[in-house]
Amino acid sequence: MNISRLSIQKMIAITALAMAIPMSAQAGHHEGGDKKPHSEMRRHHQGEMGMLKKLDLSDAQQTRIDQIMKQQKETMKATMADRRSQRDEMKSLVEQDAFDAAKAERLIAQQQDRERASKMSMLRTQHEIYKVLTPEQREKAKVMRAQWKEKMSERRSKNRDEAAKPL
């Protein structure tokens, strides 16, 4: 079988492209490529903030919650910068001539640690906000959260049903 140099170059280019497409799709929602996950996160965040607005917070409570949220925002900015640099490291790992499994394992472990810390920070922030609320506001928040969960469950079910419909 006679394979020309041009054919080999084409195969390499196709292979590289085939590897790059899934990676860019995965990274795309962070960089504005896919708006749905971002808009869902925004809707979730607005739902939480809207819930707080419906709790008739005092000025002191609102000030304290604003402080808590500002601290969380600073933490998230640093986390996002770390995520971007790690994503770049992962991309460079894929583009190297030889695959470095040890480096890949280290990057994956760092990513998992960062995700764990991020979730812990988010839970801590929610707990701090919860502590600011009065017992009556906490009860009202529980009811609103249950209603919100039910609404989201219905929406997911509706979306699943629509997706399952034949074309």
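What follows is calculated from the coordinates using simple rules that are stated; it is not laboratory data. The shown structure was predicted, so the numbers you read here are calculated from the model rather than taken from an experiment.
Scalar couplings 3J(HN,Hα) for segment 104-111, obtained by applying the Karplus form with A = 6.51, B = -1.76, C = 1.60 to θ = phi - 60°, are 4, 4, 5, 5, 5, 4, 5, 5 Hz; x denotes Gly and Pro. Residue separation of Met76 and Glu128 scaled by 0.36 nm, minus their Cα-Cα distance, works out to 17.1 nm of gained length. With 21 Å as the limit, write out which pairs from Lys53/Lys140; Lys70/Lys131; Lys53/Lys151; Lys54/Lys149; Lys77/Lys119; Lys73/Lys142 have Cα-Cα distances beyond it, or answer none. Exceeds cut-off: Lys73/Lys142. Once the Cα-Cα distance is subtracted from the 0.36 nm per residue extended length, the Thr63 to Val94 segment shows a gain of 6.5 nm. Taking 19 Å as the straight-line reach from the Cα of Lys158, the aspartates and glutamates in range (excluding those fewer than 8 positions away in the same chain) are Glu40, Glu150.
Per-residue extension of 0.36 nm, minus the Cα-Cα distance of Arg116 and Arg156, leaves a gain of 11.8 nm for this segment.
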